[in-house]
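Asks: Let me give you the structure first, and then I'll get to my questions.
The values are calculated or read from the model by the stated rules, or taken from the named source; none is laboratory data. Just so you know, these numbers come straight off a predicted model, no measurement behind them. Cβ placement follows ideal geometry from the backbone for every residue including glycine, while neighbour counts extend to all protein chains displayed.
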Amino acid sequence: MRARLLAFLVFALAGVAVAQAAEPAKLKIAVLKFGTVSWVLDTIHANGLDKAEGIELDITPLASTQATTLGLQSGSVDVVATDWLWVSRQRAVGADFAFVPFTTALGAIMVPPNSPIKTLADLKGKTLGVAGGPLDKSWLLIVAYALRTANIDLRTATTQEFGAPPLLSERAKQGAVDAVLNYWPYAARLEAVGFTQLIGLEDVVRELGAKGEVSMVGYVFGDHWADKNLPAIQGFLRAAAKANELLATSNEEWDRLKPLMAEHDPSFTESTFEALRRRYREGIPERSSDADEADAKVLYQFLRELGGKKLVGTGTELAPGTFWQGATQ
């Protein structure tokens, strides 16, 4: 009888262990409500890539990047999308956040159809819309580029109008600004209605010393959290990479995403869709994280010089460990 009871308990405990082992690891992810990261997460879920990796994504849509990073700092979420400059600044004061590249797509200066502005020099005396504020990274990199290549200080040569990306796009369409420096999804939308690119940030970073296209935005999470949840974060990054493979090659996958992309965008057209798809695909990272990190160190110095402590904090170089060294295989 005792032997039977013992055998039953062993069997029952083994069953509990198997059930526990089968439980998916939950990752809490905060994303912008209408951000492009949501396209990847939707692709992961729709194709069962999360289940295949033994993970479950708990997604919280938020209104701003600041809200997502506050969630990460408070521990209420595990993963967010932001830039490596924020990560470096946090590490410089003792935080342990780390960065994994998500996209190399950057912003661009866009000019309206038939604009007389053909070069940076033509911006002299013009009104330039700039997404974000005076410390926006794209703006400072453009300033550094213009100083280096044309000996023009756009901070004094133009009148800047800083603001939110969608507002500035509308101002550009209305002709209230002569040109607009905007983030890539908004630049793509302007392209869809006939605007042309005066210069893209991809060209700017190369002129400033980058060896290739640099991922400014990536997945960010805590080092110590990742150490404790290594299978989960590695599974997520593999699932994200597989989702990007689908988005790089499958038009059907984009057709499935179209309603999500068009949500809350009354001006969405087939041209908008095609521009966003093309620009997204161009921004899928193809280089190693080490190559990205090397270029980030170069760009950091330009940002530190122009943005000072208000932008980079107390750091004098890209903080060690900013780019996550954990294996994804």
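Asks: If you go through the stretch 92-104, how many residues are in contact with a helix residue (DSSP H, G or I) (Cβ under 9 Å, 6 or more places away or on another chain) and more than 16 Å from D290 (Cβ to Cβ)?
Replies: 6
Asks: Any idea how many residues of the stretch 243-290 are modelled with pLDDT of 95 or more and acidic (D, E)?
Replies: Within the stretch 243-290, residues that are modelled with pLDDT of 95 or more and acidic (D, E) number 7.
Asks: A follow-up question, please. What are the pairs, 6+ residues apart or on separate chains, where a residue within the stretch 30-50 that is over 18 Å from Y183 (Cα atoms) and assigned by TED's automatic domain parsing to the domain that holds L70 has its Cβ under 7 Å from a residue that is surrounded by fewer than 19 Cβ atoms within 10 Å (Cβ to Cβ) and of a type in the set (V, I, T)?
Replies: Cβ pairs passing all conditions: A30/T60; L41/I59.
Asks: Determine which member of the set A226, A187 is touching a helix residue (DSSP H, G or I) at 6+ places or on another chain (Cβ under 7 Å), at pLDDT 95 or above and in a helix (DSSP H, G or I).
Replies: A226
Asks: OK, next. Could you count how many residues in the stretch 178-193 are of a type in the set (V, I, T) and surrounded by 24 or more Cβ atoms within 10 Å (Cβ to Cβ)?
Replies: Qualifying residue count for the region: 1.
Asks: Spot the failing condition for L208; the list is (1) within 20 Å of the chain's Cα centre (by Cα); (2) buried (at least 16 other Cβ atoms within 10 Å of the Cβ); (3) farther than 27 Å from A30 by Cβ, and only one is missed.
Replies: Here L208 clears every test but (1).
Asks: Looking at the stretch 82-94, I want the residues that are under 14 Å from L106 (Cα atoms) and have a partner that is surrounded by fewer than 20 Cβ atoms within 10 Å (Cβ to Cβ) with Cβ atoms under 7 Å, at least 6 apart or on another chain. Which pairs are those?
Replies: T82/T65
Asks: Can you pull out the residues in the stretch 266-285 that are more than 15 Å from the chain's Cα centre (by Cα) and either among the aromatic types (F, W, Y) or within 15 Å of K211 (Cβ to Cβ) (or both)?
Replies: F268, F273
Asks: State the number of residues belonging to the stretch 61-72 that are under 22 Å from H224 (Cα atoms) and either among the hydrophobic types (A, V, I, L, M, F, W, C) or over 16 Å from the mean Cα position of the chain (by Cα) (or both).
Replies: 4
Asks: Residues of the stretch 18-62 being among the acidic types (D, E) and at pLDDT 95 or above, which ones?
Replies: Passing the criteria: D42, D50, E53, E56, D58.
Asks: If we scan the stretch 305-317, do we find a residue that is without any contact (Cβ under 8 Å) to a residue 12 or more places away in the chain, outside the structural domain of I142 (by TED's automatic domain parsing), of a type outside the set (D, E, K, R) and on the phi > 0 side of the Ramachandran plot?
Replies: Yes, the stretch 305-317 has at least one match.
Asks: Now a separate question. Could you count how many residues in the stretch 151-179 are assigned to a loop (DSSP other than H, G, I, E, B) and in contact (Cβ under 8 Å) with a residue 60 or more places away in the chain?
Replies: Residues flagged as assigned to a loop (DSSP other than H, G, I, E, B) and in contact (Cβ under 8 Å) with a residue 60 or more places away in the chain within the stretch 151-179 amount to 2.
Asks: Something else: Return the only residue of E207, E202 being in contact with a Phe, Trp or Tyr (Cβ under 6 Å, 6 or more places away or on another chain) and in contact (Cβ under 8 Å) with a residue 24 or more places away in the chain.
Replies: The match here is E207.
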